[in-house]
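Working notes for the structure below.
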Amino acid sequence: MFDVTPLLKIFAARRRAQLARMDAAAVQERTLLRLVRRAADTRFGKDHGFAGIKSVADFQARVALRNWESMWDDYYKAAFPNFANVSWPGRVPYLALSSGTTSARTKYVPVTEAMNRSNSRAGFDLVSYHFTANPRSRLFDGKTFMLGGSTKLVPEATGVWSGDLSGIAVKRMPFWARSYAFPKEEHALIANWEEKAELMARTSLDEKIRALTGTPAWILILLDRVRALRDARGESGRPAYPDLELLVHGGVNFAPYRARFEKLFAGLDVDMREVYPASEGFIAIADRGYGEGLRLNLDHGLFFEFVPLEDVASANPRRHWIANVETGVNYAVVMSTCAGLWAYVIGDTVRFIDRSPPRILITGRTTYWLSGFGEH
């Protein structure tokens, strides 16, 4: 395995310089206008006069906020599973499965090739932030352990696949990158979690694991099993993964888990970095230390709006964007994306702690606030 870390550090330094110069509002407005130009000839674009949109204000005047049920009923339901030219031009090869937030309905979130590129760029930003925190990193001198659900994809139509977002990422992984990834594809396909965790724990013992990604609870289960296996081999004093330098976590509040991870990683210099990925797009990454906020990914084909929580159910909600958000306010996140979601309320709430660059803390779900008696 060739260690590409030194080469990537050069590109990461250039990316950090680009991020340092970024004008957040200008980048976001350019992003939105590029998105609407691309989608102007789609059904959604024609219905909303995309050809005439010249500013953020134009967009907000023409495109109302939508939840999944509205987007599904008005645009996707009749076309399923072929979303080509419905709200984004060309074929939509992947549908990411995501649970509905206000009903039991499974969401089939479109994932275009443009969105795949967006997610890849966000992944490189994550690596860049890690190199800043760990200049002596040798991240690609070993493997990245991607701990997720089954990566099996279901064929929905010719050229259209549905499944977990991690499965989509594995399917489109370039051949050269596979030597840096763990587990093997056939192991990642296993649906039974207990069987999969046991197999991965055993087969990872002698691998040089440099990075570990997943939700904290799943990772702890894995690490406990690896430690038990090492004890059985007479390696009780050895860390689960002695070469580990990066833990990437997301999906839940990390605070209840942090002390356990610090204990497990005692003696190792492990960079524990939070990410905010969603089926709708890779939203933000921690670019500094724990609790210092997640920096929004502003130039990856995602346009963000932020609606004060009390306005989400309003007939005339106040719609802020990067140019005029305020710190300390609970906002519902609204996204327009390079996969064809437009003014889409994703269901999460955030609070800004910085405006330049924009950094957020995740504060919960809109249903926590709008559903006073917990019926959701």
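The values are calculated or read from the model by the stated rules, or taken from the named source; none is laboratory data. The shown structure was predicted, so the numbers you read here are calculated from the model rather than taken from an experiment. Virtual Cβ from ideal backbone geometry, glycine too; neighbours counted across all protein chains shown. The protein model used for the area step is the full one, side chains on, heavy atoms only, and it has no ligands, DNA or RNA in it. Shrake-Rupley method; radii C 1.70, N 1.55, O 1.52, S 1.80 Å.
Looking at segment 313-367, which of its residues are among the hydroxyl-bearing types (Ser, Thr, Tyr), farther than 30 Å from Lys46 by Cα and in a strand (DSSP E or B)? Once the filter is applied, which keeps residues that are among the hydroxyl-bearing types (Ser, Thr, Tyr), farther than 30 Å from Lys46 by Cα and in a strand (DSSP E or B), segment 313-367 yields Thr327, Thr349, Thr363. Restricting segment 228-239 to residues that are in contact (Cβ under 8 Å) with a residue 24 or more places away in the chain and open to solvent by 10 Å² or more (accessible area, probe 1.4 Å), the residue that is farthest from Leu139 (Cα to Cα) is Arg233. Can you spot a residue in segment 263-272 that is out of contact with any Leu (no Cβ under 7 Å at 6 or more places or on another chain), buried (at least 16 other Cβ atoms within 10 Å of the Cβ) and in a helix (DSSP H, G or I)? No, segment 263-272 contains no residue that is out of contact with any Leu (no Cβ under 7 Å at 6 or more places or on another chain), buried (at least 16 other Cβ atoms within 10 Å of the Cβ) and in a helix (DSSP H, G or I). Among the conditions (1) crowded, with 22+ Cβ neighbours inside 10 Å; (2) not in a strand (DSSP E or B), Glu310 misses just one, which is (1).
Identify, please: which residue in segment 289-304 is aromatic (Phe, Trp, Tyr) and more than 13 Å from Arg30 (Cβ to Cβ) and is, among those, surrounded by the fewest Cβ atoms within 10 Å (Cβ to Cβ)? Ranking the candidates gives Tyr290 first. Can you name every residue in segment 11-52 that is without any contact (Cβ under 8 Å) to a residue 12 or more places away in the chain and either crowded, with 18+ Cβ neighbours inside 10 Å or not in a helix (DSSP H, G or I) (or both)? If the condition is that a residue be without any contact (Cβ under 8 Å) to a residue 12 or more places away in the chain and either crowded, with 18+ Cβ neighbours inside 10 Å or not in a helix (DSSP H, G or I) (or both), then Asp23, Ala40 are the ones that fit.
Going through segment 207-219 one residue at a time, which ones are part of a helix (DSSP H, G or I) and open to solvent by less than 10 Å² (accessible area, probe 1.4 Å)? It would help to see each step written out before you state the result.
If we filter segment 207-219 for residues that are part of a helix (DSSP H, G or I), which is where we start, we get 216-219.
Across segment 207-219, the qualifying residues are Pro216, Ile219.
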